[in-house]
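What follows draws every value from the coordinates through simple rules; no lab data is involved. Since the model is a prediction, treat every value here as computed from it, not as a measurement. Neighbour counts are summed over all protein chains in view; Cβ atoms, including those assigned to glycine, are modelled from backbone coordinates with ideal geometry.
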Amino acid sequence: MLQFNRTYFAFTVFLFLLETAIALFVQDNFIRPYFGDFLVVMLLYCFLKSFLNVSVWVAAGFVLLFSFAIEIAQYFNTVEKLGLQHYKIAKVVLGNSFAWMDLLAYILGILTVISIEKTHFKTTK
């Protein structure tokens, strides 16, 4: 089950750098809030697949459930309830505002991952 995959790790690093660049340099109403969420599930997927030899469906399902859980935590203001509102890292990682459109971005991101895996890598078992 544990197995390092350089290809997925390279994608993880690339997506992390892209997400960081978006967070630091893009201040708009589409790329940062929605495209960033679209990409973050891809980042999480690649990170997971970098270290775990699990099927596309298992990895995609886990990442989608995890992403939804974080978004639901935002709905319930978990950062504040845990007393972490003064810690920037907590607000970045857990977020601080729920949005239905984020859920859609997560779904579209995971569907894109599955599509890429199916068409380019033929590994959707």
Could you count how many residues in the range 7-20 are in contact with a helix residue (DSSP H, G or I) (Cβ under 8 Å, 6 or more places away or on another chain) and either farther than 14 Å from Asp37 by Cα or without any contact (Cβ under 8 Å) to a residue 24 or more places away in the chain (or both)?
5
Looking across the range 94-122 at residues that are more than 25 Å from Glu80 (Cβ to Cβ) and among the charged types (D, E, K, R), the single one that is surrounded by the most Cβ atoms within 10 Å (Cβ to Cβ) is Glu117
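Would you tally the residues in the range 43-93 being in contact with a strand residue (DSSP E or B) (Cβ under 8 Å, 6 or more places away or on another chain) and exposed (fewer than 14 other Cβ atoms within 10 Å of the Cβ)?
1
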